[in-house]
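I have placed the structure first, in the form of structure tokens, so that the comments after it can refer back to it.
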Amino acid sequence: MNVMILGAGGREHALTWKISQSDDVDNIFVLPGNYGISKEKKVTIVNSKNYQNKDYLNFAIQNNVELVVVGPEEPLVNGIVDIFEEYGIKIFGPNKNSAMLEGSKEFCKDFFSNNNIPTAHYKTFNSTVGLKEHIDSQVMPIVIKVDNLAAGKGVFIVEEKDECLKIAKNLLSTGYNGIAAEKIIIEDFLKGEEASFMCIVAKNKQIIPLTSSKDHKKLLDGDLGLNTGGMGAYSPTNLIDDKMEKKVIDNIIKPTVDGLAKMGIEYTGFLYAGLMIDKEGNPFVLEYNCRLGDPEAQSILMRLDCDLFKLLNKSLDVNSQKIKIIWKKSHACTVVLASDGYPLKYKKNIVINDTGTDNNNTKIFHSGTVFDGTNTVTNGGRVLSITALGNDLEESVRNAYARVGAINWDGMVYRKDIAKKEIEKKFIFS
């Protein structure tokens, strides 16, 4: 069977690598992919620059593609699933209406409110009218979010009211840190610890939990610096045990699937809830993503011990019975290596001196790389993600950083404290 995967990051590399292990898969077309993805077995990289939905569909038809897997959020929000479903080609991901959970923060927050799903109190602004008065009435810190997609960089936690007003005004006009918005959300700052809960919502509404994980959004050690797409992750996390998983499914995921159904919207695909867990053990939703997280996907898929291709196919079959997932007992840790200047301006085409050789316990997933004819060079903000397994969390972290130590390029930056709080049992809930 031929598979098409859309995307170019570490998440898509992990998806490609795992799907390629299926005996049922003959060829994998990755659009546009990256240099690291091109080295995986069964893979053909396709230059899809300037492709529109109809171009992806035509390519799939011409190459007898029987399953499409969408990695990033933008094609989902732009309705690519609707196009393929109308033609009759299997595609894994939510349709345009359900992808609004990620595509619009306003839609998502209103949906939470209408369906009694626990989240932070909020207010939406599409102009500066009433903005100062609202900010003045709030207890600091508060959170500003842009309504539209922003590659994980459209969230600002602000300590001072003057700074909050400045950022909010800039976002609604000329932009701030390269990000602009027609609408912004201002919401309460929730205290607790963040965790990532991901699941598959099958065509027949089965909710299939994936293993737990925790990512690290801030650029610098100690959760300092700018927000990024993610600088590291690990799986599993003790923050989400069996009891917490049940709470999340019962109070958040199931009401979401049912709430959409009441609106006439069917959700199928990965669903990722970014959670804040308070000191009483109550989960609140910070945001929804309609795809796997990056770099959480790298850690999660390293631990997956079953055929991902078959799993995705079964989830698209309305007649599938209870779908089970098998996980390795190992722990996984992912460390992201980024270009100096990320998530703002950074240089490209810098030679990466060594990427080493993968083994059963360690894997390099490429995010922003190209081959210049002689060397592997940088081509993005997040460049590589190093994922390692271990018998426990500490061993997986040691293995990941040992591999990181063998790689370098001019301007390589990374966090040195991935999973530190969990290892040292220093979670802060207040």
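The numbers here are math on the coordinates, done by the rules we state, and not lab data. All values derive from a computational prediction rather than experimental measurement. Because the Cβ atoms are built from the backbone with ideal geometry, glycine has one as well, and the counts that use them run over all protein chains shown.
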TODO: State to the nearest 20 debye the size of the charge dipole of the stretch 121-188 about its Cα centre, where the only charges are +1 on K and R beta carbons and -1 on D and E beta carbons.
DONE: 220 debye
- [ ] Tell me the Kirkwood hydrodynamic radius of the chain in angstroms, computed as one over the mean inverse distance between distinct C-alpha pairs.
- [x] 22.0 Å
Task: Residues with amide H under 5 Å from that of VAL43, placed H, sequence gap 5 or more - done: ILE28
- [ ] For LYS166, list the aspartates and glutamates whose Cα falls under 19 Å from its own Cα; do not include residues on the same chain fewer than 8 positions away.
- [x] GLU133, ASP136, ASP147, GLU182, GLU187, ASP188
TODO: Take the chain, connect every pair of alpha-carbon atoms lying under 10 Å apart with a spring to form a Gaussian network, then pick out the residue of ALA14, ALA332, ALA180 with the largest mean-square fluctuation.
DONE: ALA180
Open item on the list: For the pairs LYS96/LYS169; LYS254/LYS421; LYS262/LYS322; LYS18/LYS218, flag any whose C-alpha to C-alpha distance is greater than 26 Å.
Closed with: LYS96/LYS169; LYS254/LYS421; LYS18/LYS218
- [ ] Multiply the residue gap between ALA180 and GLU395 by 0.36 nm, knock off their C-alpha separation, and tell me the result in nm, one decimal place.
- [x] 73.2 nm
Task: For the chain, share of DSSP beta bridges that run antiparallel, in % to the nearest 5 - done: 75 percent
Task: Estimated dipole of the stretch 293-430 in Debye, rounded to 20 [Cβ of Lys and Arg +1, of Asp and Glu -1, Cα centre] - done: 360 debye
Task: Spatial separation of Cα centroids for the stretch 14-59 and the stretch 173-204, in angstrom - done: 29 Å
Open item on the list: Test of understanding: ordering TYR267, TYR234, TYR51 by Cβ neighbours within 10 Å, fewest first, what list do you get?
Closed with: TYR51, TYR267, TYR234
Open item on the list: Can you compute the modelled spin-label distance between ASN408 and LYS348, with each label point 7 Å from Cα toward Cβ, in nm?
Closed with: 2.6 nm
- [ ] Calculate for the chain the 222 nm mean residue ellipticity that helices alone would give, adding -39,500 (n - 2.57) per DSSP H run of length 4 or more and normalising by residue count, nearest 500 deg cm²/dmol.
- [x] -7000 deg cm²/dmol
Open item on the list: Sort 35-47, 54-66 by the packing proxy (mean of other Cβ within 10 Å over each peptide's residues), most packed first.
Closed with: 35-47, 54-66
Task: Selection of trypsin sites (Lys or Arg not before Pro), the stretch 335-430, meeting DSSP coil and at most 15 other Cβ within 10 Å - done: LYS345, LYS347, LYS348, LYS416, LYS425, LYS426
